[in-house]
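A quick write-up on the structure given underneath.
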Amino acid sequence: MLTFLKFLPPLTIFPVKSLNYLLGLAALSGLSFAGDDPKVNYSIPVDPGDLNTEPYLFNGLVQSGDARGSGFVAENEQLFISAAHVVYDEDLGWQPAPTFIPGQNGDAPDIDGEIASRGYFRWNSYARLAQEGGVDWRATFSRDVIMAFAFEPFIGVTPPRIDYRGFSSLRRENLVFITGYPAEIDYTGESGGYYLHSTTPDFTQFSNGFGRYVTNTHLSTGPGNSGGPVWLQDRRGNWLPAGVLVSGLTAETGVYGMSPDMRQFVNTSRPLLRTPISRMRPGRGIGFSNGFYRYPRPRRVPDGRARWTRLPVRVANIDREAQVSKVILDLTIETADRSDLVVRLVAPGGTYKELHSLSDPGEADLIFEQEDVTDAFAGLNPNGNWQLYIQDRIRGDWALVREFQLEISVDGKTVSTDP
């Protein structure tokens, strides 16, 4: 899904250095110049023999509902980056977490190789800008990036580090190229299928567009390339992701340039990649598609008392009009006999789901692992205290709440951490 600019800056063609030198670089990389006209460098299929080499092996096809785009793993094998408009609908808002197909290369998506992300981080301002000026507005493009995460690796190798100076580096003349999965090659009109494509490594330069959004009139891409990486070669010869492709015309490419503020996405993700998950502390202005809310410590339940023990987790800063679309429960209660227990999950406002009530005599421990309890809470606004109510009604053994965690998602709205 590649979008088009409403307002275009003046076109500028930047000169290409030494054609013979570039041809030599292309030969070393296994690529050839895209077409006979070096004025426009458009995407061509990557040689299948190169797919398992760097940096191609970090690429993947991104899918979100009916939308398709491109993405790449960076910083951690459990993280991938793509364009925000791949998972944002102007009418429906933010969509569920996307999937990632590493190493995709064929006529159709490799469903067997698809890995579902668990959620994604984005800039809160993106949705506001998209509503004010549309997803094709250059101010919207300046925030057009997401970082998705999972509890399993997307790839099995160490990914590249992000070039956090990419925004500045792309405005200088550096050796760069773009990889992705174009559905159609803009410059030629040819179908790209679901094959990984690449422009040729080329000395080129981007100009300021707006904020972190920069443009180039030499590189050409195509619909479906959105979210693909712009690779820049550092002084040691390593290819680093310096930007994310977010827009394009036949002979114009728009890129979200990497900068130090992208570290906030990486830092926010770290607690989710640990076992057990710890509390997220996102930077100001970052939203996420689903929040994880964890009771911080084990809690002993009084033995033989018909009185509720309450364990609260606080959910806050979600849009007042947002509605719960998913609630996933992780709960572990250690006990010798779970038939002593009555357990409820209570939402703000008093709606509750009975999880267990004096059943399974002689069975030890009560465990809910990734239990979907959405049916009781769908449509509620999630702000407020969610509480686990628990009683140990019969004397003779103890009960200990070892883990209590909720994963809460909302449709169409950002889960914000702003005050």
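The values are calculated or read from the model by the stated rules, or taken from the named source; none is laboratory data. No experiment lies behind these values; they were computed from the predicted model shown. Here the Cβ is made from the backbone with ideal geometry for all residues, glycine too, and neighbour counts use every protein chain on show. Just so you know, the surface numbers come from the protein's heavy atoms only, side chains and all, with ligands and any DNA or RNA stripped out. Shrake-Rupley method; radii C 1.70, N 1.55, O 1.52, S 1.80 Å.
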Reviewing (i) 1.06; (ii) 1.43; (iii) 1.13, the figure for Cα Rg over 2.2 N^0.38 Å actually calculated from this model sits under (iii)
Of Phe149, Phe206, Phe404, the most mobile residue in a GNM of the chain (C-alpha springs, cutoff 10 Å) is Phe404
Counting only protein heavy atoms and rolling a 1.4 Å probe, one gets per residue an accessible area for region 174-230 in Å² of 23
Site Arg171, offset 7 angstrom along Cα→Cβ, radius 20 Å on amide nitrogen, limited to region 190-215, gives 203-215
One would report the antiparallel percent of DSSP beta bridges in the chain, rounded to the nearest 5, as 95
For Thr250 and Asp303, extending 7 Å from Cα along the Cα-Cβ vector and measuring point to point gives, in nm, a value of 8.1
Computed from the beta carbon distance with a Förster radius of 25 Å, FRET efficiency for Leu358 and Gln405 to the nearest 0.05 stands at 0.55
When the charge dipole of the chain is computed with +1 on Lys and Arg Cβ and -1 on Asp and Glu Cβ about the Cα centre, the Cα farthest towards its positive end, among Val266, Ser325, His356, belongs to Val266
Output for region 302-410: trypsin sites (Lys or Arg not before Pro) sitting in coil per DSSP, at most 15 other Cβ within 10 Å, listed by number, reads Arg320, Arg393, Arg395
Note: Arg310 to Asp365 extended length (0.36 nm per residue) minus current alpha-carbon separation gives 17.9 nm
In terms of the alpha carbon gyration tensor, root eigenvalues a ≥ b ≥ c, rounded if a/c is under 1.5 and otherwise prolate when a/b exceeds b/c or oblate, region 36-144 is oblate
If one compares the long axis through the Cα atoms of helix 19-29 with the longest principal axis of the Cα atoms of the chain, the angle in degrees, nearest 10, works out at 40
Ordering 67-75, 383-391, 370-378 by per-residue average of other C-beta atoms within 10 angstrom, highest first, gives 67-75, 383-391, 370-378
So for region 79-232, using the alpha carbon gyration tensor with a ≥ b ≥ c as root eigenvalues (a/c under 1.5 gives rounded; past that, a/b versus b/c decides prolate or oblate), I'd call it rounded
With a 1.4 angstrom probe the carbon and sulfur portion of accessible area for the chain, in percent, totals 46
